[in-house]
Amino acid sequence: MRIDIITVLPAMIEGFCNESILARAQKKGLAEIHLHNLRDYSADKWKRVDDYPYGGFAGMVMQCEPIDRCISALKAERDYDEVIFTSPDGEQFNQHVANDLSMKQNLIILCGHYKGIDHRIREHLITREISIGDYVLTGGELAAAVMADAIVRIVPGVISDEQSALSDCFQDDMLSAPIYTRPAEYKGWKVPDILLSGNEAKIKDWEMEQSYERTKRLRPDLLK
Ligand code: SAH
């Protein structure tokens, strides 16, 4: 799969995309992440991409033209499944949205900055608006990085132990059971006996019970 991220601050995302799972996915040829500096699409000699809002409101607004030029240039190369805008008033990003997007071929993610983007872009070019939570960030860069990470790590083959991605929190609308590693006892703190029993069926039951109990206690909303 391929993700094209449009931003005024590519450096903010670049380091992130070249570490850990995102780097590995790209090396394995399972994902491509391309960063596009919106300023490169500005027709202005100062490379400006923003202007004052109509109506005398506060803040600056990202203009239509550079965004349109960048998206058009990308669309001329390939078809896109979604043109996503990161926005605090968008649909809430969660594991279901990540699963859905991980099955797409080509995605554009547009990062807003300043006060936001000219609304006409949202009306005419954006196919999906996504928020990563009910708080306001300075720009969409962190949101794009969060989405790219959550999407790419579940592309088949990216995590070598696929079971490990499937058993993560939220995959069945359930929180994960607690996990432990060696030693079996540390400062008198013990790993539950059942996990040392070697009884696979019982361990599976324990895991499901724990998962259900934690979900019921910590996130009852997920069980509805
Ligand atoms: N004036 C806007 C906020 C602008 S914040 C409003 O009140 O809705 C600047 C940019 O940061 C936004 O255009 C968006 O692209 C990004 N952003 C901010 N908060 C976000 C969030 N919770 N999820 C996704 N993107 C966000």
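Can you give the calculated 222 nm mean residue ellipticity of the chain, where each DSSP H run of n ≥ 4 adds -39,500 (n - 2.57) and the sum is split over every residue, rounded to the nearest 500 deg cm²/dmol?
-10500 deg cm²/dmol
What order, most packed first, do the peptides 94-106, 52-64, 31-43 have when packing is the mean number of other Cβ atoms within 10 Å of each residue?
Going by the mean number of other Cβ atoms within 10 Å, highest first, we get 31-43, 94-106, 52-64.
Just read off the accessible area of Phe170 with the full protein assembly in place, 1.4 Å probe, to the nearest 10 Å².
80 Å²
Charges at C-beta only: +1 for Lys and Arg, -1 for Asp and Glu. How large is the resulting dipole of the chain about its Cα centre, in Debye rounded to 20?
420 debye
Between Gln26 and Lys190, what is the FRET efficiency for a Förster distance of 45 Å, r being their Cβ-Cβ separation, to the nearest 0.05?
Using R0 = 45 Å, I get an efficiency of 0.60.
Within the set of other residues whose C-beta is less than 9 Å from the C-beta of Val61, count the net charge using Lys and Arg as +1 and Asp and Glu as -1.
-2
Take the alpha carbon gyration tensor of the stretch 171-220, find the square roots of its eigenvalues, order them as a ≥ b ≥ c, and report rounded if a/c is under 1.5; if not, report prolate when a/b exceeds b/c, else oblate.
The shape class here is oblate.
With +1 on the Cβ of every Lys and Arg and -1 on the Cβ of every Asp and Glu, and nothing else charged, how large is the dipole of the stretch 171-220 about its Cα centre, in debye rounded to the nearest 20?
So the magnitude is around 260 debye.
For Gln105, project a label point 7 Å along Cα to C-beta. Then give me every residue of the stretch 20-44 with its amide nitrogen under 19 Å of that point.
29-34
Let me check I've understood the local charge: for Ile33, count other residues with C-beta under 11 angstrom from its C-beta, Lys and Arg +1, Asp and Glu -1. What total comes out?
With Lys, Arg at +1 and Asp, Glu at -1, the net is -3.
Using a Gaussian network model on the chain with a 10 Å cutoff between Cα atoms, which of Ala165, Ala148, Ala177 fluctuates the most?
Result for the chain, Cα springs under 10 Å: Ala177 fluctuates most.
In the chain, with Lys and Arg counted as +1 and Asp and Glu as -1 at Cβ, which of these residues, Pro183, Asn106, Ala148, has the Cα nearest the positive end of the dipole, that is, farthest along it?
Pro183
What per residue convex hull volume, in Å³, comes out for the stretch 1-152 when only alpha-carbon positions are used?
113 Å³
Once you put a point 7 Å from the Cα of Arg2 and another 7 Å from the Cα of Glu123, both along the Cβ direction, what distance in nm separates them?
That separation, rounded to one decimal, is 3.1 nm.
Cross-link partners among lysines for Lys216, C-alpha distance below 27 Å, same-chain residues fewer than 8 apart left out?
Lys190, Lys202, Lys204, Lys224
The values are calculated or read from the model by the stated rules, or taken from the named source; none is laboratory data. No experiment lies behind these values; they were computed from the predicted model shown. Positions of Cβ are generated from backbone atoms using ideal geometry, with glycine treated the same way; all protein chains shown enter the neighbour counts. Only protein heavy atoms, including side chains, enter the accessible area calculation; ligands, DNA and RNA are left aside. Shrake-Rupley method; radii C 1.70, N 1.55, O 1.52, S 1.80 Å.
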